[in-house]
Structure formats: C-alpha cells, structure tokens
Amino acid sequence: MADNDKKLQEKIKSQGELVRKLKADGADKAKVTEEVNKLLELKKQLGDEGSKKFVLKTPKGTRDFAPGQMAIREGVFSKIIACFKRHGAETIDTPVFELKETLTGKYGEDSKLIYDLADQGGELLALRYDLTVPFARYLAMNKVSNIKRYHIAKVYRRDNPAMNRGRYREFYQCDFDIAGQYDLMLPDAECIKIVTEILSSLEIGDFVVKVNHRKLLDGMFAACGVPDDKFRPICSSVDKLDKTFWNDVRCEMVDEKGLDPKAADMIGEYVGFKGGIGQVNELLTDENLKAQKNALEGLEELKLLLTYCELYGVADKVCFDMSLARGLDYYTGVIYEAVLTGSTAQAVAQNTDEPVGVGSVAGGGRYDGLVGMFDSKGKKVPCVGVSIGIERLFSIMEAKAAAAEKKLRTTETEVYVIAAQKGMVEERLKLVSALWEADIKTEQSYKKNTKMLNEFQYCEQNGIPLALIIGQSEIENGVVKLKVMGSREEREVPRASMVEEIRTSLAALRSNGSEG
C-alpha cells in the first residue's frame, strides 16, 4: 500500500510539473484545463488518508512573520505614518481586487505580472498590482479633484518568486500621493522631501534620491532618432541600467527591439549625465535637445524642482540622473527613485545576494493622465506620488536588529502584577482591572498561585519595566509595592495614588531612555 501511495505521489508531482510548464509556456487554455483535471483526478485517488497529509509551508513568494519581525514592522510603519500625517495626509482603502479592465494596459511590459482571478459572479477580476491605479480609479469614480492621501496595503505580483532577492508575490506597498491642480513642482518637491525625512528617520545609512523627467526622456529619444512607437519599449530598456551594464541594454535595444545602432549610441551619451542644477543648465544648451519642446520643458521643470529641494534643505540628497527611466507607462512628468549608497548598499547586497546598488527603497513620479483614463469625459486630475519600498526597508531593519544583538520587545506591557503569597488571585484581578481602566498596559500570570522569582524573571525576559506587588500586609496597609525592574528600586505607594505613581515612573523611564 505504501508503494502504491509513493507511485501515486510521483505521478501527482510529474503532472503538477507538466501543468506549471504549460502555464509558463502560455499553452492553449483548453489543454491546460485538461491537464489540470487530470491532476485533480490523481489527487482524488489518494483517498481519505492522503487528504490528511498536509505540506506545512507558505505558498511560494509569501512568508509568515514572527512576533519579533512584526515588532520591527510596526515600528517602521509608525514612523512612516507619522511623517505622512505631519505633511497633512489622510488615508483611504480600496478592495484587494479590481475589475481586470481597471488594471490592464497601465503597467507596460509588467502587465503580464497581474494576478487574474477565476470568474466569480460574472465579473473578470484581478488582484491589485499596486496602489496607484486603484487610487486613480477611486478619484474618477468619486469625482475627487483634490486630496493628499496615504495608503498602506498588500499588493500582488504573479512574479517568479526569488525571496532572497526581495521578490515576493504578496507584499506591502506604502504610498503617498497629492492630487489636484497646483503650481509647478511644489507638490513634487514635497514628495521628495517626504522620502528624505522617512529614510533619515529610519537611520538606514546613506542614500540618494535620483530625479529625472519623462518629458526630457521623450525629448531625448526624439533627438536621438527613436521612432515614436518605440519610445516606451526603449524607455523600458533604459530602466534596466541600474541593474545591468550599458552594453547589455544597448544589445537589447538594437537586437531585440530593432533600434538603429546610431540612435542607441546617442542615447548612451545622454544617459551618462548626472549631477545637480549645473548639469541641467549644461543640457539646456544642447542643440539637439533645444530643438525638442518636451526636452526643454522637462529641463526647466527639473531646474525648478532642484531649486525647491535646495530650499527644503535636501539638495545634498538629490541627484539629477538621465539614466533614471522608471518603466511604468502612466508617468508623465518628474520621476524619482531613492537608492542606498556606499556601505549600506554593500551590507544589503551581502544580506540579500543582490549586486551592490541594485534595488531602490522608494520611487514615484507625476502621472497627470491616469485618472482621465477612468473618467467618462476624460477629465484629468494631476497627480504626483511616491511609494516607499517597505519590504526592503523591513529587511534592512531586521538585519540591523540582528547585528545589534539587542533583546527586541514584542509586547508593550508596562506593568506586571505579582502576588507575594498564595491565594491572592482575586486581589490581582482587582489591580489588573484598575490598571486596564486607566489605560495602562498590564499583564499577570494565568496561574492562581505563582512564585515571585519566576514572575520577576518573566519581567526581565520580556522587558517589562515595572512590577506591582500585592501581599497580605499591603492589603492591610492600603498600599502596593512598585518595583522598577531595571534599577531594582522598590517602594510602597498608596493604593489611591497607584495609577498616578505608575504614570510618573513610566514618564521618568521614558525620559532617560531606560523603559524596557
């Protein structure tokens, strides 16, 4: 019987591999369905015993998060949300899936990564690929023309998962966007300022925010002789320059996308430009670019953006870079990307098996035409936004915590209630209830009778700053003992002023940074 089960498992494995290969090769839908049905029939043959054998793993491209990891994530989220709120943003939420037609045609070559869902209820649906397109749909559907919003939620990519390289099928995005008709570059500069504030607050090391402009890219392509219908494909190739070498990109443009080699060589000269306002001014004198209206508009707007960045005090963190070409089809103006530099980039590379310099930690840009795609009258709502690369930031923060070898608190318990003798469970419950009512984060043991030494060890192991001790003598005298775990200081406090004394002690611990 065991041999039969083993042979059946091998058949199921083989059939599963065949189904995956057919899907990857884009085989005929009927053929795929036929082979999937064969796979299901084989699985049925396992019977009841087989159905009880679970493979305990998460799906490819997903993962669980332990309490320690979640503590780090919540800390990162709190700093990011605090920054968004400081800049006056409000938040929204949208469904995890959209009508498929809402998502298709918005992501260029990446549209193949959209997760389709089976037809349920007569609608063709797909899991959201990012938070920007649903936001644009929300604006058009609700006739919203002005909003400053943030949105933190999971998105989904039908990608080939490589988790050691930061590629997931399910992951969080963290977006901030400003929608509305405003003067040039004021919202754009604030988005860049927000990126620098967030990355600085997280103390992840050195970084630079690269900036460019889609109008400048289009003007540069035109000046180099790229046909109009090849702008987006060529732009997608240039977008790979942060991951590979120029020669590889040139080969892709010429050999795969049919670009004239002379045009490719001209592009190669332009994408080497990087720096500040000086480099923008230099390009403003370029005769080829001066003949392109798009290029001139893009350069003038970049010059204004860099001026505002200087006034915001972040010019040292911003760099104009002509090789930046973010590939999404919906960008219409300024584009930007924050990348780690120097030792920080090397540390991340060692931790994730990625080449040094690969992978941004934030990116975004202006997309003035996206909302109009969803409006019946084509009404446009100018938008600019940024997406924080939250998963990459989590990985960096987790690596930092591991390197520091510091005990990480996974709860926020402030007080632990301890009984000095047996038979005190009712008194403990009274104290715990009073502290909960006062909004003080409190715990106690779930055993009726406990040993004080074990309770103190629990406080130390979990970083709980205060212990509240109750015994028969304390009950008779109307007091409780308050112990500061870090200093071992212990004092009696009147029961009536217990809450006030605890709050005073917690405030003192916070002020000298010794809480927990």
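The values are calculated or read from the model by the stated rules, or taken from the named source; none is laboratory data. Bear in mind the structure is a predicted one, so any value in this text is a computation, not a measurement. Cβ sites come from the backbone with ideal geometry, for glycine too, and all protein chains shown count toward neighbours. With ligands, DNA and RNA removed, areas are computed over all heavy atoms of the protein, side chains included. Shrake-Rupley method; radii C 1.70, N 1.55, O 1.52, S 1.80 Å.
Here are a few candidate values for Rg/Rh (Cα atoms, Kirkwood Rh): (i) 0.94; (ii) 0.97; (iii) 1.07. Which one was actually calculated from the structure I just gave you?
The listed entry that was calculated here is (iii).
So for the chain, averaging the separation of alpha carbon pairs under 8 Å that are six or more residues apart and normalising by length, what relative contact order in percent results?
RCO, the chain: 13 percent.
Which cross-chain or sequence-distant (5 or more) residues have an amide H under 5 Å from the amide H of Ile92, H modelled 1.01 Å from N in plane?
Tyr150
Quick query: amide H of Val479 versus all other amide H atoms, modeled in the peptide plane; which residues come in under 5 Å with a sequence gap of 5 or more or a different chain?
Placed amide hydrogens put Arg495 under 5 Å from Val479.
With every protein chain present, what accessible area does Lys57 have (1.4 Å probe, heavy atoms only), rounded to the nearest 10 Å²?
130 Å²
Ignoring ligands and nucleic acids, what accessible area does Val479 show with a 1.4 Å probe (Å², nearest 10)?
20 Å²
As a test question: what accessible area, to the nearest 10 Å², does Lys243 have when a 1.4 Å probe is rolled over all protein chains in place?
130 Å²
Under 12 Å from the Cβ of Glu17, count the other residues' Cβ atoms, weight Lys and Arg +1, Asp and Glu -1, and hand me the total.
Residues near Glu17 contribute +3 overall.
Decide, for region 2-49, between rounded, prolate and oblate: order the square roots of the alpha carbon gyration tensor eigenvalues as a ≥ b ≥ c, take rounded if a/c falls under 1.5, and otherwise choose prolate if a/b is larger than b/c, else oblate.
prolate
Students sometimes get this wrong: rank Phe65, Phe97 by accessible area, probe 1.4 Å, all chains present, largest first.
Greatest to least solvent exposure: Phe97, Phe65.
Helix 390-404 against the longest principal axis of the chain: what's the angle in degrees, Cα atoms only, rounded to the nearest 10?
50 degrees
Going down the table (Lys293/Lys380; Lys100/Lys210; Lys29/Lys60; Lys143/Lys240; Lys106/Lys148), which pairs top 25 Å between alpha carbons?
Lys100/Lys210; Lys143/Lys240
In whole Hz and in residue order, list the ³J(HN,Hα) couplings for region 181-194 that follow from phi through the Karplus curve 6.51 cos²θ - 1.76 cosθ + 1.60, θ = phi - 60°; x for Gly and Pro.
The phi angles translate into 8, 10, 6, 3, 6, 5, x, 4, 5, 5, 4, 5, 4, 4 Hz.
From the protein chains alone at 1.4 Å, what is the descending order of accessible area for Phe54, Phe135, largest first?
Phe54, Phe135
What do you get for the angle between helix 132-141 and the principal long axis of the chain? Use alpha-carbon atoms, 0 to 90 degrees, nearest ten.
That helix lies at roughly 90 degrees to the long axis.
Cut-off under 16 Å on the C-alpha distance; same-chain residues fewer than 8 positions from Lys7 excluded. Which lysines are left, in chain and number order?
By straight Cα distance, Lys7 reaches Lys38, Lys43, Lys44, Lys53.
Calculated from DSSP H runs of 4 or more alone, at -39500 (n - 2.57) each and per residue, what is the 222 nm mean residue ellipticity of the chain, nearest 500?
About -13500 deg cm²/dmol.
To the nearest 10 degrees, how steeply does helix 342-352 sit against the main Cα axis of the chain, on a 0 to 90 scale?
80 degrees
If the only charges are +1 at each Lys and Arg Cβ and -1 at each Asp and Glu Cβ, what is the size of the charge dipole of the chain around the Cα centre, to the nearest 20 debye?
1300 debye
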